[in-house]
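Novice: Let me begin by handing over the structure; questions about it come next.
Where a number appears in this text, it was derived from the coordinates with a stated rule and is not lab data. Since we're looking at a predicted model, the values are computed, not measured. Cβ atoms come from the backbone with ideal geometry, glycine included; neighbour counts cover every protein chain shown.
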Amino acid sequence: FTEALAGDPVSAFGGIVALNRPVDAATAEEMAKIFFECIIAPDFEEEALKRLKKKKNLRLLRAAVGHFQEPFWEVKSVCGGYLVNESDSIKENADQYKVVTDAQPTEQQWADLLFAWKVVKHVKSNAIVLAREQKLLGAGAGQMSRVDSVELAGWKAQKFNHETTGSVLASDAFFPFRDGIDKAAALGVTAIIQPGGSIRDEEVIQAANEHGIAMVFTGIRHFKH
């Protein structure tokens with residue numbers, strides 16, 4: 001919990017916390033120091049419940065942990081009708097991802113890339129995530145350009161004293177230009193995961209090669225508004 005919180009302790013205020021394991025007393029004590037609207041977990045130990053129930057306006061929910069991979073329909077209203085599309089719940093196979101650079105990701109980089117790819121899926125587009133040792137360092141969300149999201153992710157990481165040298169980067173959609181790669185290199189990023197599919201993919205790959213960055217194409221994008 002404390003490592004997840006370190007990703008952005010300021011924005012966590014008033015947020016929702018979800019866990020994939022029962023909440024124990026020690027974790028509950030740390031959670032109680034911050035104002036949260038809701039905590040969702042498979043279960044709560046008795047002492048954890050006692051501590052958290054003392055918090056005003058905090059909602060505690062039990063929810064079974066499962067893999068929600070079945071696609072469903074998402075509906076958005078527009079003037080005169082609705083837009084209906086299949087949810088972004090495709091089951092991905094990392095074996096189908098493609099390394100497109102001269103540099104190959106190390107075992108640790110692969111672990112960090114897959115972690116960052118899972119996280120960036122749930123960040124508002126244009127979305128960039130920086131991670132290292134399977135921990136979030138900084139997230140650049142909701143920017144009008146992808147290069148701005150890279151800069152924001154770096155700024156967030158530095159704001160909370162996270163070292164970005166040796167980190168990996170995940171992008172929810174392709175890089176349209178090499179500028180995002182150049183910015184990532186300046187932050188010390190060593191590996192990047194992204195969908196690919198830009199008409200300038202070769203330019204982007206060349207930039208990664210120039211900086212010695214390993215780059216992985218997933219062939220799947222998580223871009224959303």
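Novice: Greater than 18 Å separation of Cα atoms is the criterion. Which listed pairs, Lys33/Lys156; Lys124/Lys156; Lys33/Lys55; Lys33/Lys159, meet it?
Specialist: Violating the 18 Å limit, Cα to Cα: Lys33/Lys156; Lys33/Lys159.
Novice: Hey, another quick one. Give the angle, between 0 and 90 degrees and rounded to the nearest 10, that separates the Cα long axis of helix 201-211 from the longest principal axis of the Cα atoms of the chain.
Specialist: 80
Novice: Among Ala26, Ala103, Ala139, which one shows the biggest mean-square fluctuation in a GNM of the chain, springs joining Cα atoms closer than 10 Å?
Specialist: Judging by the Gaussian network model, the answer is Ala26.
Novice: Taking the dipole about the Cα centre of the range 2-62, with the C-beta of Lys and Arg at +1 and of Asp and Glu at -1, give me whichever of Gly7, Phe35, Asn57 is farthest to the positive side.
Specialist: Farthest towards the positive end: Asn57.
Novice: Dipole magnitude of the range 2-62 about its Cα centre, charges +1 at Lys/Arg Cβ and -1 at Asp/Glu Cβ only, in debye to the nearest 20?
Specialist: It comes to approximately 380 debye.
Novice: Go through Ala153, Val204, Met215 and say which Cα lies farthest out towards the positive end of the charge dipole of the range 97-217; charges sit on Cβ, +1 for Lys and Arg, -1 for Asp and Glu.
Specialist: The residue sitting farthest along the positive end of the dipole is Ala153.
Novice: Also: What size of dipole, in debye to the nearest 20, comes out for the range 3-129 about its Cα centre when the only charges are +1 on Lys and Arg C-beta atoms and -1 on Asp and Glu C-beta atoms? Please list the in-between numbers first.
Specialist: Details: 16 positive and 19 negative charges, 149 e Å.
The dipole of the range 3-129 has a size of about 720 debye.
Novice: In addition: Along the charge dipole of the range 68-225, pointing to its positive end and built from +1/-1 on Cβ of Lys, Arg, Asp and Glu, which listed residue (Val78, Leu137, Val99) has its Cα farthest out?
Specialist: Final value for the positive-end residue is Val78.
Novice: Only Lys, Arg, Asp and Glu count, each charged at its Cβ (+1, +1, -1, -1), so figure out the dipole size of the chain about its Cα centre, rounded to 20 debye.
Specialist: Details: 26 positive and 30 negative charges, 201 e Å.
That gives the chain a dipole magnitude of about 960 debye.
Novice: Can you give the helix-only mean residue ellipticity at 222 nm for the chain, where every DSSP H stretch with n ≥ 4 adds -39500 (n - 2.57) and the sum goes over all residues, rounded to the nearest 500 deg cm²/dmol?
Specialist: Mean residue ellipticity, 222 nm, calculated: -8500 deg cm²/dmol.
Novice: Then there's this: Amide H neighbours of Ile193 under 5 Å, at least 5 residues apart or on other chains, H built in the peptide plane: list them.
Specialist: Leu169, Ala170, Ser171, Val216
Novice: If amide hydrogens are placed 1.01 Å from N in the peptide plane, which non-local residues have theirs closer than 5 Å to the one on Glu133?
Specialist: Long-range HN contacts for Glu133: none found.
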